[in-house]
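One structure below.
The values are calculated or read from the model by the stated rules, or taken from the named source; none is laboratory data. Just so it is clear, the structure is predicted and the values come from calculations on it, not from any experiment. Note: ideal-geometry Cβ built from the backbone for every residue, glycine included; neighbour counts use all protein chains shown.
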C-alpha cells in the first residue's frame, strides 16, 4: 500500500529541512575538501587572492562557491573574500583526467587475455565495451592490445 503524498508548508518543517540540508552540505564539503588538503594547496600569503583560490577549487574539482563557503566556515577568509570568490567562474582542473581503470586491473586483464585465460570478446562484453574500445583502454595504459581486431 502506497503512503499518501504529504508536503508541509509550515515554517517549522521548512526550517528543519534547511538545517538538514545545511548539515549535509557541510559534511560533503569536509569530505571533498579536507582541512589537510586545503593546508597543502592554499598558499596562506594568497588567501585573499580569488584567482589563486579559484585555481585550488579547480584542482579539487569543486565549484569556487563551494570552496568559498568551506573556507569561510573554517574561518580562513572574511565575508569580502567569500563574496568575491562566489563570483568567480569554475575553471578546468589543472590535473589530467584520471584513467578509466586502475593500472593494476588493466595489467591483470591484459595478462589474462594474453595467456588465453579470458577471451578479449568476453572481457569487452563484461566491461560494456566493444573490442576497439578495449584496445583504446590498453593504449590509455601504454599497453599493446593482446589481441588483433
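Points worth noting:
- Residues of segment 56-83 satisfying the condition of being within 22 Å of residue 98 (Cβ to Cβ) and either modelled with pLDDT of 90 or more or touching a helix residue (DSSP H, G or I) at 6+ places or on another chain (Cβ under 7 Å) (or both): 56, 57, 59, 60, 62, 63, 64, 66, 67
- Qualifying positions in segment 70-80 - under 17 Å from residue 31 (Cβ atoms) and either in contact with a strand residue (DSSP E or B) (Cβ under 8 Å, 6 or more places away or on another chain) or buried (at least 19 other Cβ atoms within 10 Å of the Cβ) (or both): 70, 71
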